[in-house]
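Please treat every number below as a calculation from the coordinates, not as lab data. If you're wondering where the values come from, they're calculated on a predicted model, not measured in any experiment.
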Amino acid sequence: MSAPEQTVVSVEGVTKTFAHGNVTALQGIDLSLAPREFVSLIGPSGCGKSTLLRVIGDLLEPTAGRVTINGKSAREARSDGDYGIVFQDAVLFDWRTVAKNIALPLEMLGWDRQRRKERVAAMLDLVELNGFADHHPWQLSGGMQQRVAIARALAFEPALMLMDEPFGALDEMTRERLNLELLSIWEQTENTVVFVTHSIAEAVFLSTRVVVMSPRPGRIAGAIEIDLPYPRTVETREDARFFELVTRVRELLRLRGEHLLPEEEAALE
Amino acid sequence: MTAKALLARAAQWLPALVVAAVVIGLWQGLIVAFHVQQFLLPRPSAIATTFWSDRHELWPAGWYTFKEALGGFAIGSGLGILAATLVGRFKTVGTALMPVFIAANAVPIVAFAPIADAWFNPFSPHSKMAIAAVLCFLPVMVNTLRGLQSSSPRQIELMRSYAASELTIWRRVRVPTALPFVFTALKIASVLAMIGAIVGEYFGGATSALGVLINSDAQIFQFTTAWAGILTASLLGIGLYLAVAVAERGVVRWAPRAQGS
Ligand SMILES: Nc1ncnc2c1ncn2[C@@H]1O[C@H](COP(=O)(O)OP(=O)(O)OP(=O)(O)O)[C@@H](O)[C@H]1O
Ligand SMILES: [Mg+2]
């Protein structure tokens, strides 16, 4: 492998076709992430964002192309526990309490009880679910469940985070607070993030780079470097440059397929 | 549990108790009012009296049959869970065996009772255990298999993202998901086991067995005694069911309760 420290994630010519339904979810995707990058994937529903995340995580086998993580194959990276993932829905275990759900990856890593307990407490603090450690998932609201899933993914501080619309189910206030929390964790640690979102503002606010995808088949339509300085704060959202970048992402999205009328689509072919 | 919670629990049972009391009261009242012959339907009070006066014969007979049912329940359910585990683990075995199980399910088990008597000594409890076991096996096996197959694909994906082995996924995801299914099946099986043992005894068995007792009493027109035997069988059946239900509460603690809490 050439200079593994140069790229954390390298996706080369990845195509993914689902035999069932004969859908080409991804077509010739090339994407590479340098260490400490925060890349958001944005694009209309069904353009293959979740599929791309799963391929990176070796949860789906690409039909063609190659994924390497830290210079290793995606398979090796997965068995080394190189990444943490948050799915679009919370995916909690009903038979485990909130605390035990968060502790699951720590158990898998063989952390001792005391260390797990401390980390879980810190994570509950972070997602503001202190009183709910002994509750079961079905006793929580959808947004609370999603916060548990986020706490679980952050708990073991993976070097690579794959996040599929983690804040989609949350109210605006919680979402903005967790955006700031996520950024501060990201700034403190050395991790690299692939973040899927439907919110242009969220993508611009968080990322070092926003990658726009277009549908049918899923392709990368373009990427925009976000040159807003870190640490980003509440004021960042009011910055003129922030609005400028939001507009650029929006235009790229519009140009490449979101809300296209049939005649516009025909004109593009 | 606080006194208040106990009261609330008792209040939940109240409607069922009231209904039972009304049914028994009506039964008693109508028989007295219409002078129904006792061979058609004895009064509940007469059944209760016999249940008590014949206790030295009925209760040991009930216990004898109950042990047969319990043995059959344990063997049938155990094999059912084992079979489901193997079938769930090896898909090809499953596809090969499933039609056989479905066909076996269509066999009226009562037809099997005389055969079981021929295989084992009809006077030994083993023949009844075999019938009870055969009755229990399929529902437990099919439900367990369904349970093992109903894990959410996302949960399994998440475990794979932690590099979990198949065995770990089995232990931490598939088994907990299957447990509520298993207990539903065990509750069905607990009822079937008692039925299997009693029906088996109708075809002949030890004189000290409850089914033999009910059958012979009915033949010599001792209907009240036969009914007292049925009452004994019912109480034991309900007892076994409740034992399974209590075990379920102990094991499947996470499930949202249908009522209460
Ligand atoms: N397991 C699967 N089998 C068949 N088709 C699939 C499967 N998973 C996804 N697809 C198809 O692949 C395409 C991309 O799906 P994907 O879930 O990646 O979209 P997405 O960009 O994440 O959408 P959303 O924003 O709505 O979450 C869709 O057309 C979907 O129907
Ligand atoms: Mg998605």
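In whole Hz and in residue order, list the ³J(HN,Hα) couplings for the range A:173-180 that follow from phi through the Karplus curve 6.51 cos²θ - 1.76 cosθ + 1.60, θ = phi - 60°; x for Gly and Pro.
Karplus values, whole Hz, x for Gly and Pro: 5, 4, 4, 5, 5, 5, 4, 5.
For A:Leu26, list long-range residues whose amide hydrogen, built 1.01 Å from N in the peptide plane, is under 5 Å from its own amide hydrogen.
Under 5 Å from the amide H of A:Leu26: A:Lys16, A:Gly218.
Based only on Cα atoms, what Rg/Rh ratio does the protein assembly as shown have, Rh being taken as Kirkwood's radius? Show your work: numbers first, answer last.
Values: Rg = 32.2 Å, Rh = 28.1 Å.
Over the Cα atoms of the protein assembly as shown, Rg/Rh equals 1.14.
Given the alpha-carbon gyration tensor of chain A, what are the semi-axes of its equivalent ellipsoid in whole angstrom, ordered largest first, with each equal to the square root of 5 times an eigenvalue?
Values: eigenvalues 182, 99, 70 Å².
That gives 30, 22, 19 Å for the three semi-axes.
With runs of 4+ DSSP H residues as the only contributors, calculate the mean residue ellipticity of chain B at 222 nm using -39,500 (n - 2.57) per run, divided by the residue total and rounded to the nearest 500. Intermediate results must be reported in sequence, preceding the final value.
Details: 11 runs with 208 residues, N = 261.
Using -39500 (n - 2.57) per qualifying helix, the result is -27000 deg cm²/dmol.
With an 8 Å Cα cut-off and a minimum separation of 6 or more residues, compute the relative contact order for chain B in percent.
26 percent.
For n ≥ 4 DSSP H runs only, could you compute -39500 (n - 2.57) per run for chain A, divide by its residues and tell me the 222 nm figure to the nearest 500?
Numbers: 9 runs with 100 residues, N = 269.
Here the helix-only value at 222 nm equals -11500 deg cm²/dmol.
Kindly write out, for the range B:126-134 in residue order, the coupling ³J(HN,Hα) from the Karplus curve 6.51 cos²θ - 1.76 cosθ + 1.60 (θ = phi - 60°), rounded to whole Hz, with x marking Gly and Pro.
5, 5, 6, 4, 4, 5, 4, 5, 4
Please list, in chain and number order, the residues 5+ apart from A:Phe195 or on another chain whose amide H is under 5 Å from its amide H, with Hs placed from the backbone.
A:Val39, A:Ser40, A:Leu41, A:Met163
Mean shadow of the range A:124-269, computed from the convex hull of its alpha carbons, in nm²? Spell out each step's value before the answer.
On the way: hull surface 42.2 nm².
Answer in nm², one decimal: 10.6.
I'd like the distance between the alpha-carbon centres of the range A:139-218 and the range B:112-137, rounded to an integer number of Å.
62 Å
GNM on chain B, C-alpha springs below 10 Å: top fluctuator among B:Gly237, B:Gly205, B:Gly94?
Result: B:Gly94 has the largest fluctuation of those listed.
Quick one: compute the contact order of chain A, relative version, from alpha carbon pairs under 8 angstrom and 6+ residues apart, as a percent. Working shown, then result.
Numbers: 480 pairs, mean separation 65.3, N = 269.
Across chain A, relative contact order equals 24 percent.
Mean-square fluctuation check for chain B, GNM, Cα pairs under 10 Å: which of B:Ile220, B:Ile230, B:Ile188 is largest?
Greatest mean-square fluctuation among the candidates belongs to B:Ile220.
When the convex hull of the C-alpha atoms of chain B is computed, what volume per residue in Å³ does it have?
On the way: hull volume 43.6 nm³, N = 261.
Cα convex hull per residue, to the nearest whole number: 167 Å³.
I want to verify a result. In a Gaussian network model of chain A, Cα cutoff 10 Å, which of these has the top mean-square fluctuation: A:Arg66, A:Arg177, A:Arg209?
Ranking A:Arg66, A:Arg177, A:Arg209 by mean-square fluctuation puts A:Arg177 first.
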